[in-house]
Amino acid sequence: MATSDLKLLGGWFSPFACRVQIALSIKGLDYENIEENLNPKSDLLLQSNPTYKKIPVLIHGDKTICESAIIVQYIDEVWKNNATSSILPSNAYDKAIARFWVSYIDDKFFNSLRNGLFAQDDESKKKYFDELEEVLLKLEEVFNKLSEGKGFFGGEKIGFIDIALGCYLSWLKVKEKFTGTKMFDEAKNPGLVIWAETFSAHPSVKGILPETDKLVEFAIAMAQRLAAAAAAPPK
Amino acid sequence: MAPANQEEEVRLLGKWPSPFSNRIVLALKLKGVSYKYSEENLANKSDDLLKYNPVYKKVPVLVHNGNPIAESLVILEYIDETWTNNSFLSQDPYERALARFWSKTLDDKILPAIWNACWSDEKGREKAVEEALEALNILENEIKDKKFFGGETIGLVDITANFIGYWVEILQEIAGLELLTIEKFPKVFKWSQEFINHPVIKEGLPPRDELLAFFKASASKK
């Protein structure tokens with residue numbers, strides 16, 4: 001199947017774009033990676049995602065697909081290949097469980113992490129990071145149940161939940177730098193500690209997650225922009 | 001008719017005024033699947049609800065042969081994959097991606113905008129209404145001249161848009177707003193009439209007078 005008609009509108013800093021890159025890597029697909037600056041947003045982005053104007057967007061020939069979790073499922077369904085590279089489970093119930101936890105990660109995990117990192121005051125920061133701790137306890141439980149000792153949320157191989165959570169590892173490292181506490185507590189999340197290493201070392205993931213130092217610089221600049229916007233007088 | 005299986009048990013924990021809960025009722029009816037329904041009182045959650053949805057403690061929850069699934073969009077896909085008659089999701093990956101995108105956009109962007117407008121106070125009203133109209137405009141551009149979002153037959157997006165097809169008319173009446181009208185959004189309006197008159201959907205929607213009374217009572221408590 002011709003894969004030269006695949007383009008990804010993404011950003012090196014975006015965990016959502018990383019999800020798509022990892023999925024494409026698992027399937028062994030070639031694609032053109034287009035770095036979006038977002039400041040200003042390119043015409044291509046505005047045209048291909050008019051509803052949200054956000055990255056990532058996958059362009060496959062004349063088709064555009066938006067929303068990272070939806071893109072990953074699209075990739076999995078188009079390039080069914082063989083069982084060893086399938087991302088979602090084959091059984092309907094297991095698929096539902098995977099989709100449920102990805103939805104949970106996109107809601108609870110993402111919001112606690114993002115709000116905690118960019119909170120303007122210490123009290124809010126603590127509140128969000130406490131929430132994040134609760135979320136991680138839950139995900140540790142889920143990991144132990146679904147991995148069955150085999151290394152990934154997807155069992156023996158990387159699955160939908162692994163990709164959905166693993167894309168945030170670099171941002172969790174940013175949190176480590178900002179707060180001075182480890183991203184996964186060894187006592188409370190021993191499973192996730194090991195999972196993070198296994199995931200990062202996987203051949204389909206290597207080279208995709210952004211370097212921590214570069215991301216820290218990016219996060220500091222973003223925090224400053226948000227603080228300035230919050231302090232600016234209303235127009 | 002879905003294949004009969006004596007061992008099969010399908011349960012739905014729901015709330016009759018909730019559009020999210022109703023989505024599952026509509027899907028099961030479209031598939032012709034029999035199920036046991038439990039009405040949940042969210043002020044006094046049942047042991048079953050806490051057991052089957054410990055993460056969110058919300059409805060709807062589908063329990064199939066003792067296996068629980070929560071989150072309406074996740075449940076809808078499960079239903080379509082498990083009972084393969086009267087499909088409401090295409091087999092084509094791109095069509096599926098589009099259906100998933102529009103369902104998500106309905107839940108993340110469109111429903112909240114309209115809901116907020118209907119419950120907004122005087123201070124925030126103008127802005128909330130503007131956002132609600134923008135949201136409806138997104139749908140107007142998407143439905144185009146199709147009979148349903150799913151084409152000739154009810155699809156995932158139509159089921160997800162039950163709030164637009166049925167609840168909005170009632171809520172906007174209570175709020176004294178004109179959001180979805182035939183003049184402002186002729187295509188979405190036309191779709192809403194096709195939707196609520198569909199023979200199976202019609203049977204699955206809660207009675208209008210009861211829904212109106214329910215939301216009027218909620219409004220008076222604010």
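The values are calculated or read from the model by the stated rules, or taken from the named source; none is laboratory data. All of these numbers come straight from a predicted model, not from anything done at the bench. No Cβ is skipped: glycine too gets one built from the backbone with ideal geometry, and neighbour counts run over all protein chains shown. Ligands, DNA and RNA are stripped out before the accessible areas are found, and what is left, the full protein with its side chains, is counted by its heavy atoms. Shrake-Rupley method; radii C 1.70, N 1.55, O 1.52, S 1.80 Å.
Observations on the structure shown:
- Descending semi-axes in Å of the stretch B:10-82, equivalent ellipsoid built from Cα gyration tensor: 18, 13, 11
- The helix-based estimate of mean residue ellipticity at 222 nm for the protein assembly as shown, built from -39,500 (n - 2.57) per DSSP H run of four or more residues and divided by its residue count, is -16500 deg cm²/dmol to the nearest 500.
- A convex hull fitted to the Cα coordinates of chain A yields 135 cubic angstrom per residue.
- The alpha carbon centroids of the stretch A:39-85 and the stretch B:14-43 are separated by 33 Å.
- Of every Cα-Cα pair in the stretch A:92-219, the percent that sits beyond 26 Å: 18 percent
- Whole-Å distance, taken between Cα centres, linking the stretch B:139-180 and the stretch A:116-153: 37 Å
- Against the main long axis of the alpha-carbon atoms of chain B, helix B:93-105 sits at an angle near 60°.
- For the stretch B:170-218: rounded, prolate or oblate by the Cα gyration tensor [a/c cutoff 1.5]: oblate
- Relative to its residue count, the stretch A:6-79 spans a Cα convex hull of 80 Å³ per residue.
- Dimensionless Rg ratio for the stretch B:93-220, taking C-alpha atoms and the 2.2 N^0.38 Å reference: 1.04
- Site pair B:Ser46 and A:Asn37 shows an inter-label distance of 5.8 nm when each label is modelled 7 Å from Cα along Cα→Cβ.
- Cα gyration tensor category, rounded, prolate or oblate, for the stretch B:142-193 with a/c compared to 1.5: oblate
- When you restrict to C-alpha pairs under 8 Å that are six or more residues apart and normalise by the size of chain B, the relative contact order lands at 20 percent.
- Area of B:Thr153 that stays accessible when all protein chains are in place (1.4 Å probe, Å², to 10): 90 Å²
- Estimated D of the stretch A:144-235 in µm² per second, where Rh is the Kirkwood radius over Cα pairs and Stokes-Einstein applies at 25 °C, 0.890 mPa s: 164 µm²/s
- Take every pair of alpha-carbon atoms less than 8 Å apart whose residues are at least six positions apart; their mean separation over the length of chain A yields a relative contact order of 19 percent.
- Whole-Hz couplings from phi, Karplus 6.51/-1.76/1.60, listed for the stretch B:44-59; x for Gly and Pro: 9, 5, 6, 4, 4, 4, 5, 6, 8, 9, x, 5, 10, 6, 10, 9
- Cα-based shape type of the protein assembly as shown, given that a ≥ b ≥ c are square roots of the gyration tensor eigenvalues and the cut on a/c is 1.5: rounded
- The angle between the Cα long axis of helix B:19-31 and the main principal axis of chain B comes to about 50°, on a 0 to 90 degree scale.
- Pairwise label distance in nanometres, A:Leu29 with B:Gln193, each label 7 Å out on the Cα-Cβ vector: 4.2 nm
- Relative contact order computed over the stretch B:93-220 (Cα-Cα under 8 Å; 6+ residues apart), in percent: 24 percent
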